[in-house]
Amino acid sequence: MSQSLTHYSEERVQPGKPDPGEIYRDRRLSEGYPEMDRLALENFSAVLEAHPSGGGRVENLLRYLNRLVDLGGERNILVLGCGPKPETVRILIEKNHKVVGVEPVPSFVRSAREYLASDLAVVEGAAESIPFPDLSQHMVFCDSVLEHVVSPTKSLDEMYRVLAPGGIAFITTTNRYKISLTGDNGEYHYRFFNWLPKLVKECLVFKHLHYDPQLANYSQLPAVHWFTYAELCALGRQAGFARFYSTLDLLDRGDPSVQKSWLKKLLLNRLKFNPWLRALALTQLGGTIIMLKD
């Protein structure tokens, strides 16, 4: 591990990359790295083009969630942090739901509206101040967003506020306990980032925002929060949610993904109904949680 960290901490000198000491010669440090908004949009769009997401994941997810709450008929659904090419919004609209994306980055909002050919399908806003009335939504998608927000507590307060009774918040986020033998963490080009001390993480976030935006894939709001499943439950309770579920709880032995694996078929019931085994599984699956508003 120490060798990996040393390797990743070396300066990556690339052609055309500004010298860190020269970036702020003619600008204030608080202005951040030059043209981060453009770099973020270009990088995010390139990643989505290289790895297009199909509708299979959303369809499977809706089937699983329908085992928890009734999703039949038209439902009001918010997609937080929908991004510049909001596939989830598009798929849910095609399934005849009333869907709106909420996105805090203005350039992403413009791109998303062009992608959907609609100025009404995406609005500018933050998870901490969702621009919708109380009790107005049946579901909130918060997919790979909570780790990037300024305040997870305010964001969950807002999700709880806009959800109607019986509504659900589907959240995927970082998992602090996720094990990767290579140190990959999905957010930073720095191995074993999720296992680092908090102060080291803060210094790496500072470096990303001011000197090396490749470090966290040019994100203007890099992932600064790393959760465990238990911590997500605790934060949800502070917001008012009382019941929490994992996708593990919604799987059935008849599901194709389970049928294809003899190991899943063997272990599924044991993992679902044994608290100790469920806890062990959630150390690795705990980045996904469904919060139900009673």
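The values are calculated or read from the model by the stated rules, or taken from the named source; none is laboratory data. These numbers come from a predicted model, not from an experiment. Here Cβ is always computed from backbone atoms with ideal geometry, including for glycine, and neighbour counts include all displayed protein chains. Quick note on the areas: whole protein, heavy atoms, side chains included, nothing else; ligands and nucleic acids left out. Shrake-Rupley method; radii C 1.70, N 1.55, O 1.52, S 1.80 Å.
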Mean residue ellipticity at 222 nm from the helices of the chain, using -39,500 (n - 2.57) per DSSP H segment of n ≥ 4 over the full residue count, to the nearest 500 deg cm²/dmol?
-> -11500 deg cm²/dmol
If you average the sequence gap of Cα pairs under 8 Å that are 6 or more apart and divide by the length of segment 134-222, what percent do you get for the contact order?
-> 27
Using a Gaussian network model of the chain with C-alpha springs under 10 Å, which one of CYS203, CYS233, CYS82 is most mobile by mean-square fluctuation?
-> CYS203
Roughly how many percent of the accessible protein surface of the chain is carbon and sulfur, given a 1.4 Å probe and a whole-percent answer?
-> 56
Between segment 73-146 and segment 209-248, how many Å separate their Cα centres?
-> 19
Volume per residue, Å³, of the convex hull around the alpha-carbon atoms of segment 42-185?
-> 134
With θ set to phi - 60° and the Karplus curve 6.51 cos²θ - 1.76 cosθ + 1.60, what are the ³J(HN,Hα) couplings of segment 209-215 in order, to the nearest whole Hz, using x for Gly and Pro?
-> 5, 10, 10, 9, x, 5, 4
Count the lysine pairs in segment 135-294 whose Cα atoms sit under 27 Å apart, keeping only pairs 8 or more residues apart in sequence or on different chains.
-> 16
Full extension from LYS272 to SER151: what is 0.36 nm times the residue separation minus their Cα-Cα distance, to one decimal in nm?
-> 40.4 nm
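At a 10 angstrom cut-off on C-beta neighbours, averaged per residue, how do the peptides 276-288, 104-116 rank from highest to lowest?
Highest to lowest by the protection proxy: 104-116, 276-288.
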What number, in percent, do you get for the relative contact order of segment 90-174 if the mean sequence gap of Cα pairs under 8 Å and at least 6 apart is divided by its residue count?
-> 28
With N denoting the number of residues in segment 180-294, provide Rg(C-alpha) divided by 2.2 N^0.38 Å, to two decimal places.
-> 1.32
Find, to one decimal place in angstroms, the Kirkwood hydrodynamic radius of the chain, where the mean of 1/r is taken over every pair of different Cα atoms and then inverted.
-> 20.7
Write down the Å³ per residue value for the convex hull defined by the alpha carbon atoms of segment 243-294.
-> 88
Tell me, what is the Rg over Rh of segment 167-223, with Rh the Kirkwood radius over Cα pairs?
-> 1.02
With ASP249 itself left out, Lys, Arg at +1 and Asp, Glu at -1 over residues whose Cβ is under 10 Å from its Cβ give +3
Percent antiparallel among DSSP beta bridges with both residues in the chain, to the nearest 5?
-> 30
Taking 0.36 nm per intervening residue step and subtracting the Cα-Cα distance, what contour gain separates GLU74 from GLU35 on full extension?
-> 10.0 nm
